[in-house]
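The structure appears below as structure tokens.
What follows is calculated from the coordinates using simple rules that are stated; it is not laboratory data. Computed from a predicted structure; not experimentally measured. Positions of Cβ are generated from backbone atoms using ideal geometry, with glycine treated the same way; all protein chains shown enter the neighbour counts.
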Amino acid sequence: MPLSKINFRPGVNKETTSYGDENGWFDSDLIRFRKGRPEKMGGWERLSSNTIEGTGRSLHVWAALDGSKYMGLGTETKFYIEEGGGYNDVTPIRATTTLGANPLTTGTAGTGAITVTAPAHGAVDGDFVTLSGATTTDGITAAQINTEHELTLIDSNSYSITTTGTSSSGATAGGGSSVVATYQINTGLNTVVTGTGFGAGLWSGLSTGYSQTTLNDSGGISDSDTSFILTSAALFETAATTTGANLTAVSSSIAVASSTGFPSKGTILIGSEKIRYGTNIGNVFGELTRGQDGTTAASSSSGAAVTFVGLVLIDNELIQYTGKSSNTIDAGVVRGARGTTAASHADGAVVKEANDFVGFGESSATAANSGSDIRLWSQDNWGEDLVFNVYDGTPYYWDRTLGLGARATTLASQTGASDAPTITRHIMVSGTDRHVVCFGCNALGETDQDLLMVRWSDQEGLFDWTPQTTNTAGSQRISSGSEIIAAQKTRQEMLIWTDSALHSMRFTGPPFTFGFSMLANNISIIGPNAITTVGDKVFWMDRENFYVYTGRVQVIPCTLLRYVFDDINLVQKDKCFAASNRMFDEVFWFYPTEDSNEIDRYVKFNFTENTWDLGSLVRTAWVDYGIHNNPRASGTASGTNYTYIHELGDDDDGAAMTAYVESADFDLGDGEQFMFVSRLIPDIDITSTAADASVNYILKTRNFPGDSLTTNSTNSVTSTTQQSFLRGRSRQAVLRIESDTTDVTWTLGDLRLEIRPDGRR
């Protein structure tokens, strides 16, 4: 039979159905289109074995005059400057305080836990503190104490640390009278915390993944029974411990002797007070909501009993309990909990674990963080030095001449600094005119942040922000919108996005220094980092479209538009970021999908060939090649954070990467007749050091568009394969080209299949 040559259109299209996109590509992962042909993307390797603390959200590279190459890297907890694969912690210092006499109290004997008494310390849970000047305490050496620690908040006047040492007797005060605590700036959030209170949380609902069983109580239970038998109670939590430190009525965390057996979040009972917690980390319960279920927040002494309060849902009734015997719930049973009504339930009724249940109008355990934003950074180099800031935070300056061991300090504290902003949303160094510009900062002479204010320093004057007739320092308030969202530097101007418009800021020289104009109204951007510049093109995304600016604003037609925007988790929208890969004329947008709190997908645009593709990849920040030979990106592997070098090799840091492209449905004629596919003539360029490297051709079939696809055959093809025999009979077929082994890359050519008609039934 004659062969049929199938020419698939370049790019992936999900704006229609698979059958509606006949002779197109419908799905992909880790591929790109080049000259119209799909090929596997390049691989990546770790920059080094060194890890970073927190999730990288900002990368910036620059070079010194002596050729040294640097990369600024900001996470929710730290700010690093990388050089030669080593990460140098330059996180600014917030405060340095000498503590009182013997401020250290060891915990349980045989552990490294220490409680630090530090009045009005100003720390938040997860902050980093460096202790110095402490003496050996209860067998824990001075060297084990006098180092950096990640602290666990107890209350406003104390916190706990965990050393590498071991206490001898426990509950011993010491440290001496010269203990100094040096606090780094407060850590930020890595995930947006949703609002709490009325209408928030799980009203009349349960979290996904809850455990369930059935009542196994002969005759069922009445509305007054205080025990009931389950088919299996194995997955329903019970736990007990004691407090590891004194608790006050306003304590925001609870240290316990052991949190083993307690779930990651839930409710506990201490005395007569019920307390909901949102985190369980290192024997410390955090994100507390005190005085739950009508109880009163109260103080208690170290060693007080702590009991887990379980919650189950039977029909429409919530029931609390504190203990069980085998499969019988029989301790601390409270019927009709959280405003529900006690009722009778039949034997065999479904019993659901409901520890995450939040009632109507009831605040969740994360109330203290309600509405908080994730920690983002902006940064730019001032020659060999670096200026950077936390989004809506203090501008900082790192001086290279002080060495990689030097901490960054506030811009306003530098010698000779005059009226420098103390809070800003974004910081940038303008182009050849060399002004430092702050966007969304405090106005001159003010301390409060103005989210529409733009201020700039004197030309070539990093520290001089006082406008005078003899300098070019100045300010301008943006005229539209309620806040500046993002800013981006281009070759000719700086672009400013507010929540309602796009503005241009161009250097004009004296007397006004910069000119401002509106480029587009009724337009915005989805997040501060969802923008990238490639040459004279600026690309970004808002909540419903992709755009490019080349002197005028244009919508980019996208064949994946609905697929992307219908699946973005808008709660975590600020994590969305754009990345360029100039090697292949590509722009990525990385985003978290609807069911994910972290970035897990990308959509990619080839702006030369106007093609789109998509895939899954966990990357949180990116910087293109230039200073370095390859792009770099922040990512996570097995819960550990690294920097990766991209377009290097063929693999996922030494492991196989599954790359594929899958066609839309194709048929014979108009699909009136069945077709029989029997032979494949491959045309594929496979590159590998392995002689037997192969790529799989997978044939899938179905008879109607609404049917599920059935895999008919998987044929392994090498670079020397002349033909491969298939066997598929259907009205419609799909072809998938996939590689899932190490050390292989490929470029697809033409597809030829032997297809013959095979009847109408």
Ranked by how many other beta carbons lie within 10 Å on average, peptides 569-580, 101-112 from highest: 569-580, 101-112
What whole number of Å gives the distance from the Cα centroid of segment 451-527 to the Cα centroid of segment 704-757? 54
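I'd like the GluC sites (Glu not before Pro) in segment 624-707 restricted to DSSP loop residues with at most 11 other Cβ atoms within 10 Å, sorted by number.
Numbers: sites: Glu647, Glu662, Glu672; in loops: Glu647, Glu672.
In loop regions of segment 624-707 (DSSP not H, G, I, E or B), the sparsely surrounded GluC sites (Glu not before Pro) are Glu672.
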Students often check this: by mean Cβ neighbours within 10 Å, which of 498-506, 510-518 ranks highest, and how do the rest follow? 498-506, 510-518
Note down the net charge around Gln468, summing +1 for each Lys or Arg and -1 for each Asp or Glu among other residues with Cβ under 12 Å from its Cβ. -3
Table column - 3J(HN,Hα) (Hz), segment 122-135, Karplus curve with 6.51, -1.76, 1.60, x for Gly and Pro: x, 7, 10, 4, x, 5, 10, 10, 10, 9, 8, x, 7, 9
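Around Lys604, with a cut-off of 10 angstrom between Cβ atoms, what is the net charge of the other residues, counting Lys and Arg +1 and Asp and Glu -1? It would help to have the intermediate numbers written out before the result.
Details: positive: Arg32; negative: Glu586, Asp613.
Summing Lys and Arg as +1 and Asp and Glu as -1 gives -1.
So which trypsin sites (Lys or Arg not before Pro) in segment 1-57 end up in coil per DSSP with only 15 or fewer other C-beta atoms within 10 Å? Intermediate results must be reported in sequence, preceding the final value.
Details: sites: Lys5, Lys14, Arg32, Arg34, Lys35, Lys40, Arg46, Arg57; in loops: Lys14, Lys35, Arg57.
The qualifying sites are Lys35.
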Dipole magnitude of segment 212-369 about its Cα centre (Cβ charges: Lys, Arg +1; Asp, Glu -1), debye to nearest 20: 460
Relative contact order of the chain (C-alpha contacts under 8 Å, at least 6 apart) in percent is 14
Cut-off under 23 Å on the C-alpha distance; same-chain residues fewer than 8 positions from Lys265 excluded. Which lysines are left, in chain and number order? Lys274, Lys324, Lys352
Sort Ile281, Ile423, Ile140 so the one with the fewest other Cβ atoms within 10 Å of its own Cβ comes first. Ile281, Ile423, Ile140
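Could you please rank Ser475, Ser58, Ser218, placing first whichever residue has the fewest other Cβ atoms within 10 Å of its Cβ? Let's see the in-between values first.
On the way: Ser475 18, Ser58 24, Ser218 7.
Neighbour counts put them in this order, fewest first: Ser218, Ser475, Ser58.
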Cβ under 11 Å from Ile31's Cβ, Ile31 left aside: what net charge do those residues give with Lys, Arg +1 and Asp, Glu -1? -1
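Determine the shape class of segment 212-369: with a ≥ b ≥ c the square roots of the Cα gyration tensor eigenvalues, call it rounded for a/c under 1.5, and otherwise prolate if a/b is greater than b/c, oblate otherwise. Present the calculation step by step, with values, prior to reporting the outcome.
Numbers: a/c = 2.16, a/b = 1.74, b/c = 1.24.
Prolate is the answer for segment 212-369, as a/c is 1.5 or above and a/b outweighs b/c.
What does the convex hull of the Cα atoms come to per residue for the chain, in Å³? The partial results should precede the final answer.
Numbers: hull volume 156.5 nm³, N = 761.
So the per-residue Cα hull volume is 206 Å³.
Evaluate 2.2 N^0.38 Å with N set to the residue count of segment 602-761, then give the Cα radius of gyration divided by it.
Details: Rg = 19.1 Å, N = 160, 2.2 N^0.38 = 15.1 Å.
The value comes to 1.27.
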Could you tell me which of the pairs Lys78/Lys604; Lys604/Lys700; Lys69/Lys489; Lys489/Lys537 are separated by over 19 angstrom between their Cα atoms in the structure shown? Lys78/Lys604; Lys604/Lys700; Lys69/Lys489
Going by Cβ distance under 4.7 Å, what cysteines of the chain have no possible disulfide partner? Cys558, Cys576
